[in-house]
Every structure is written in structure tokens, then in C-alpha cells.
Amino acid sequence: MARHEAEREDLVKEATAYVLRGEFAIPEWEHPIFIGFRKTGAFSFYFGSDPVYQFDAQGRLRRAFIADRLYRSEGTALCSMERQRSETETVLKRTDLPAQQCQFFQWGMHEAIRQLEAAVKSSRYKVRDVVGEEELWIKSIQEACLLVLGSKEFLSPKLVQRD
């Protein structure tokens, strides 16, 4: 993600950690959607620059960025990471979400992915750019949506290293 939240990278060009990646537009949505897949099987959905959801290969949430706030999985909890900036450093203040907020977060995430899945399934999209085979990318998106929506576990294990 960009250093400053308002920045929008050219993810198709610059996000080389995603070996299969692309961007498309859905007519009724304001912003383009970027979806990328890593060698490890992990994948990310960028609905414009906000919200952003990053998943492990099993479809469990690892990180998210929504409304200027970072979220990350702690295995059994979802925590919010608020940036507190000074002139010399940025510190993240961690707050674990209560169960009700975590459920609401999951519902909102699932709703966005359901809408994405429906648009792809009904071919209501226009591909802008793809790195890799377009047909494989679209098929991978459909599989990723089903994986997230069908996963019995919402959160990935606690993040220890970046992939």
C-alpha cells in the first residue's frame, strides 16, 4: 500500500509481488478494482484505494485498509492499527475489535466480495489491464471470492512475516 493513504499507485505495473494481477472496472462502481495473486496463493482485493483486503492462500483475512485505518489479523482477534504521525516517526496504536465490531467488519467485507463475485459471474466488468493470462486471472478471482465466502475461519493466524 502507498506510504500516504491518499496516494494511488499503478498497482498493475508496480505490484510485482503479485505474479498474476490486473485491474477492471464495474459500471456501477466509482473506482477500478485491482486484484492480485502471489506465488504463495495469497491474494488481495483493492476496491479503489479503499477498502483493501489481503488474504492468505486459504481465504482468511490477513490485513485490511478501510477509512484511513489499518486492520490486521491476530489469529483469534482483529485489531485496528491507528497511525499516529510526528515529524520524525509514525507509530501504530493497536486496538482489538470487540466481537460485535469484528462481525460487522466481516459482514461488510463479505458483502463487497459478494457484489464483486456477482459482477464477474455475470460478466459486468471491463478489463483495463492484466499481467498474466486474462482468462486465468478471471477464473482465479472467481475461485478467490468463493474461498473467502466459504472459509470457516475468518482470520488468518497472527502475522509473523510478510509474504
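Residues whose amide H lies under 5 Å from that of Leu78, counting only those 5 or more places away or on a different chain, are Leu97; hydrogens are built 1.01 Å from N in the peptide plane. Loop-located GluC sites (Glu not before Pro) in the range 1-108 (DSSP state not H, G, I, E or B) with no more than 12 neighbouring Cβ atoms inside 10 Å: Glu7, Glu28, Glu30, Glu87, Glu89.
With θ taken as phi - 60° and the Karplus curve 6.51 cos²θ - 1.76 cosθ + 1.60 applied, the whole-hertz 3J(HN,Hα) list for the range 11-17 is 4, 4, 7, 9, 8, 6, 5 Hz, x standing for glycine and proline.
All Cα-Cα distances of the range 77-130, cut into 5 Å bins from zero to the largest, leave 4, 15, 13, 13, 12, 12, 14, 13, 4, 1 percent in each bin in turn.
Relative to the first principal axis of the alpha-carbon coordinates of the chain, what is the inclination of helix 134-150, with its axis defined by its Cα atoms, in degrees from 0 to 90 and to the nearest 10? Approximately 50 degrees, to the nearest 10. Legend: ranking of residues Ser156, Ser49 from fewest to most surrounding C-beta atoms inside 10 Å; resulting order Ser49, Ser156. Relative to the longest principal axis of the Cα atoms of the chain, the long axis of helix 99-121 lies at roughly 10 degrees. Between the entries [x] 1.26; [y] 1.02; [z] 1.17, the label attached to Cα Rg over 2.2 N^0.38 Å calculated for this structure is [y]. Please list, in chain and number order, the residues 5+ apart from Ala57 or on another chain whose amide H is under 5 Å from its amide H, with Hs placed from the backbone. The answer is Ala42.
Readers should treat all values here as calculations from the given coordinates under stated rules, not as data from a laboratory. Note that the coordinates shown come from a computational prediction; the quantities given were computed from them, not determined experimentally. Glycine also receives a Cβ, built like all others from the backbone with ideal geometry; neighbour counts cover every protein chain displayed.
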